[in-house]
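K.L.:
Take a look at this one; I'll ask things after.
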Amino acid sequence: MENGHSGCQMKNDANLSAHRFLIIAGTSKAGTTSVFSYLASHPQICPAEKETRFFLDADYPLSSKKRYQKNGPETYLSLFDAGPLENWRLEATPDYLYSANTPYLIRQTLANVRLVFILREPTSRLLSWYRFARKRSVIPYDMTFDDYVRIQRDNSTSFPRERGHPAFHALEQGRYSLYLRPYLELFGESSVHISFYEDLQRGALAFIVPICRWLQIDEAYFRDFRFAVINKGSDVHSRYLHKAYVASTRRARDLLQYAPKLRLLLRQIRPRVDAIYEKMNVTKGKEPTMSAATKEFLLSYYRDESTRLREMLGVKVPWLSNPCALTGVEINLSEHRAG
């Protein structure tokens, strides 16, 4: 099936309480872009741009076009493509999980909302953040993974300008249970869906079908769907070309934000453009290495997290009890398997 979308091309100014909202609220570096892309193409879903960041705290160090505190709750609906009233309005802002007041803002603003959290083995996620931070020049390209962990462990002020960047909080934010609790308490288990990145890697169709059933949308749409990986972890030949490409795609989105038909066209052709860019500039790169001391620290730091999650969620956590067992393993596939 060609990934398509219908019925969501005009803006809608109806009241928030009349709509149903689906928010992928965490975590970063766990396949949220891919899952958003899959769900956004479904005809029973009307998406916003992937990260609206609307409900982030006012001082959270990520920018956004509109923010609850500045623009008011009534502007939230303007971020979404419009369509049938019964369609789910979808957005994905992974940092909602880590923004202290966000669960309370969402609870008081949206009467009908469901939240998806995708979790990933913490050390593997930390490695992904390290690659991303080097590629985006948030940290020096020659910084070792050991030093990247150390500056977070020691709360180093070596990079004061960038300290607010989420890359410098990836270590502590791998303790998911601390951040999930307010969402579970406020929204209840029936409105929160917990998934795992490792299950997405094993088979995207098996991952997405339970979400469809939970939302009561047509799962048959995904039977012949091409589950391409979006925003996959990788290295680049030229960081300057990568920076220019990222900036140009953001600029295109900004220019087309009030031209829904053109924005829909951009969304449809984006995977092909990305594929061309990847052939030009993306490379697998070398796997990061870590010292025995760093391995031991991470083992101790995350030792009890899988147990806490299992007790909190009542589900089996799919990664090993030893988080360092996955160190150096990064699965970069051109497509997720369909089942």
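K.L.:
Counting only protein heavy atoms and a 1.4 Å probe, tell me what percentage of the stretch 7-137's accessible area is made up of carbon and sulfur.
P.N.:
Details: 2070 of 4220 Å².
About 49 percent, which is the carbon plus sulfur part of the accessible surface.
K.L.:
Something else now. Residue by residue through the stretch 63-73, which ³J(HN,Hα) values in whole Hz follow from phi under the Karplus form 6.51 cos²θ - 1.76 cosθ + 1.60 (θ = phi - 60°), with glycine and proline marked x?
P.N.:
Ordered by residue, 3J(HN,Hα) equals 7, 7, 5, 9, 9, 3, 5, 8, 9, x, x Hz.
K.L.:
Output the peptides 297-309, 114-126, 213-225 sorted from most to least packed, where packing is the average of other Cβ atoms within 10 Å over each peptide's residues.
P.N.:
114-126, 297-309, 213-225
K.L.:
Quick check: the distance between the Cα centres of the stretch 190-223 and the stretch 13-53, to the nearest angstrom?
P.N.:
Using only Cα atoms, the two centres lie 14 Å from each other.
K.L.:
Here's another thing I want to ask about it. Restricting attention to the alpha-carbon atoms of the stretch 1-145, what are Rg (one decimal) and Dmax (integer), both in Å?
P.N.:
When restricted to Cα atoms, the stretch 1-145 yields Rg and Dmax of 16.4, 52 Å.
K.L.:
So, one more: First obtain the Kirkwood hydrodynamic radius of the stretch 101-202 from its Cα pairs, then insert it into the Stokes-Einstein equation at 10 °C and 1.306 mPa s, and state the resulting D in µm² per second as a whole number. Intermediate results must be reported in sequence, preceding the final value.
P.N.:
Numbers: Rh = 15.6 Å.
Estimated via Stokes-Einstein, D reaches 102 µm²/s.
K.L.:
Using a Förster radius of 22 Å, what is the FRET efficiency between D218 and S190 based on their Cβ-Cβ separation? Nearest 0.05, please. If you can, show how the numbers build up before the last one.
P.N.:
Details: r = 21 Å, r/R0 = 0.95.
Efficiency, from the Cβ-Cβ distance: 0.55.
K.L.:
Sticking with this one: Taking amide H positions as placed in the peptide plane 1.01 Å from N, state which residues far from R20 in sequence (5 or more) or on other chains have amide H under 5 Å from it.
P.N.:
Distant-sequence amide H within range of R20: R89.
K.L.:
Provide the gained length on full extension for the span S137 to Y104, in nm with one decimal, where the gain is 0.36 nm per separating residue minus the Cα-Cα distance.
P.N.:
On the way: separation 33, 0.36 × 33 = 11.88 nm, distance 3.38 nm.
Separation in residues times 0.36 nm, less the Cα-Cα distance, equals 8.5 nm.
K.L.:
In nm, to one decimal, how far is the L241 label point from the N15 one, both placed 7 Å along Cα→Cβ?
P.N.:
Spacing of the two 7 Å Cα→Cβ label points: 5.4 nm.
K.L.:
Right, here's the next one. Can you pull the Kirkwood radius for the stretch 42-92, inverse mean 1/r over Cα pairs, to one decimal in Å?
P.N.:
Values: mean 1/r = 0.0858 Å⁻¹.
It is 11.7 Å.
The values are calculated or read from the model by the stated rules, or taken from the named source; none is laboratory data. Being a predicted model, the structure only gives us computed values, none of them experimental. Every residue, glycine as well, gets a Cβ built from its backbone with ideal geometry; the counts of neighbours run over all protein chains shown. Protein only, heavy atoms only, side chains kept; ligands, DNA and RNA dropped before computing areas. Shrake-Rupley method; radii C 1.70, N 1.55, O 1.52, S 1.80 Å.
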